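The values are calculated or read from the model by the stated rules, or taken from the named source; none is laboratory data. What you are looking at is a predicted structure, and each value in this text was computed from that prediction instead of being measured. Ideal geometry is used to build each Cβ from the backbone, glycine not excepted, and the neighbour counts take in all protein chains shown. Note: areas computed on protein heavy atoms with side chains; ligands, DNA, RNA excluded. Shrake-Rupley method; radii C 1.70, N 1.55, O 1.52, S 1.80 Å.
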Amino acid sequence: MTRYGWIRLGIVVAFFGWLEAIARLGYVKRQTLIPPSEMVTSLVDILSTGRMNHDIQATLLTVAAALCSAVSVGFVAGVILHRLPPLRRLMDPLFAAYYAVPHFVFYPIFIVLFGMTRVPLVILGFLFAVVAMIINTMNGLDRIPRVLIKVARTNRLGPVQTAWYIVLPSTAPYLFTGIKLSVAYSFIGVIAGEFILSGIGIGHQIAYAYDNFDNRTMYGLLLFILGLVTTVNMSLWSYEQRLLRRRSRG
Amino acid sequence: MRDRLIHIGSVLLFVFAVWQVLHWITGSIAVTSPAETVNRLAEMMRTPDFWGHARETMAAFSQALAIALGGGLLIGLVLGGWRPAGLVFEPILIAIYSIPKVTLYPVILLMFGLGLSAKVAFGAIHGIIPVAIFTLNAVRSLNPVYLRAARSMRLSPSQMALKILIPATLPEIVTGFRIGFSLTLLGSLIGELFASQRGLGFLIMRAVNVYDVKSIFAVTLLIAGVAIAVNSAMLALDQRLHRRM
């Protein structure tokens, strides 16, 4: 690890040490914050007794469904819009403002349409993630170096070969960014939906624990979510760095 | 200018056409028609009660925005100007940026209680990080030739800021502000949706609880309209600044 990495680690450790100290010494009330060490023991407790397994499984499956549909639909829509510039000019301002509209307000309407199942949550996660995927797909297609297209033409590659050997490798970093954002957004969509109204899932259990002043469980579950999302993000990030290094080596 | 107006008109026409078709497919139980929704919005806007809620949302949002923009700018300038600090803190900022902040809502409520300050805090934590990251990168990637030129011309610190620093970093900072604006709005609205007794988000939640689809769509139309208008204006400014560079 670099020198800066060590300093960074030191700062993070000091921050959690400070939280632990102010919580233990009673500078903040237990009703507000519990010491980080207790969050960890609570999480270990939750995972070892398996009492939340059902909720964790439900949330993860819902996120996976939202993610897969957002990535595939977003990719196809991005390709189509890239091919149809007039339609794209129509959609561009809407995409630019898309994330300023709070989609959560439509959640109750999805519940009326599809019932209290997991479907409304999948749709919520999908709606939140799909536009990030569309935008990044179009960005990637815009930035294929023209010389590569010419190379394909001089080598008389067919459309399938062009897609496989030229388009896919040169858009890969952008597609990867789209997938990375989709992961984060589908988590946000699903968990926020579970907060608002749901009978099962991690978000529901956090809201339930909050309502019952059960801070131990609440912070344990929060730690689980944040740990999970950070781990996923970090592994995607390091994979991306590896890809980029390979590319720069040629 | 005329092309621009035609473009905006066709975008609006497209949105309303898709909306109307959705209404025909699902019926008023799920999607009220554009005409009904606009009528309902006009009706709501005639009541003084509505403007009280709108003012509340504006108050929460503008305070959150001031914190997000001011704080983000300050953090970005310090971390961008002082290289070691930037190298230490940038990954931390990016990690915080990518965590789902919705999940932190109960924690914010426990710290700030129900009310205005929780909404402000929630809006601000959504917006402050992107502003900081964009400012940091703008300052860091400042062309060193500019700084050397400024030094050889013996510019005073204030001239330095006015003639070099601000013009060179402005486009990136405006991009950061644009994203910060959207996220702060999202954050403060989510705050109102989850737990609040006042504001436009509360109006939506009240409509949700009695399943008043018309009002849900009316308030959402207003919020979306304002958000899209401000965002488009900032995007136009953003693109103009980037072209000038």
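Which one of A:L47, A:L43 is under 23 Å from the mean Cα position of the chain (by Cα) and open to solvent by 60 Å² or more (accessible area, probe 1.4 Å)?
A:L47
Are any residues in segment A:76-98 open to solvent by 40 Å² or more (accessible area, probe 1.4 Å) and under 20 Å from the mean Cα position of the chain (by Cα), and if so, which ones?
A:V76, A:Y98
Can you list the helices (runs of 4 or more DSSP H) found entirely within segment A:1-114 that contain at least 3 residues being farther than 30 Å from A:R216 by Cα and among the aliphatic types (A, V, I, L, M)?
Where helices (runs of 4 or more DSSP H) fall fully within segment A:1-114 and carry at least 3 residues being farther than 30 Å from A:R216 by Cα and among the aliphatic types (A, V, I, L, M), they are A:53-83, A:85-97, A:107-114.
What are the pairs with Cβ atoms under 8 angstrom where one residue, in segment A:205-227, is touching a residue at least 24 places away in the same chain (Cβ under 8 Å) and on the phi > 0 side of the Ramachandran plot and the other, located anywhere, is assigned to a loop (DSSP other than H, G, I, E, B) and open to solvent by 40 Å² or more (accessible area, probe 1.4 Å)? Sequence gap at least six, or different chains.
Every condition considered, the pairs that remain are A:F213/A:Q31.
Restricting attention to segment B:26-60, which residues are more than 14 Å from chain A (Cβ to nearest Cβ) and either among the hydroxyl-bearing types (S, T, Y) or in contact with a Phe, Trp or Tyr (Cβ under 7 Å, 6 or more places away or on another chain) (or both)?
B:S33, B:P34, B:M44, B:T47, B:H53
Among the residues of segment B:31-43, is any in a helix (DSSP H, G or I) and more than 22 Å from B:V208 (Cα to Cα)?
no
Only one of A:V12, A:V63, A:V76 is farther than 29 Å from A:A172 by Cβ and at pLDDT 90 or above. Can you tell me which?
The match here is A:V12.
Restricting attention to helices (runs of 4 or more DSSP H) lying wholly within segment B:71-166, give those where 1 or more residues are under 22 Å from the mean Cα position of the chain (by Cα).
Output list reads B:83-98, B:105-112, B:116-140.
Out of the residues in segment B:176-200 meeting the condition of being part of a helix (DSSP H, G or I), out of contact with any Ser or Thr (no Cβ under 7 Å at 6 or more places or on another chain) and over 15 Å from B:K101 (Cα atoms), tell me which one is least open to solvent (accessible area, probe 1.4 Å).
B:F181
Give the number of residues within segment A:115-150 that are outside any loop (DSSP other than H, G, I, E, B), within 14 Å of chain B (Cβ to nearest Cβ) and open to solvent by less than 30 Å² (accessible area, probe 1.4 Å).
Going through segment A:115-150 one residue at a time, the tally reaches 8.
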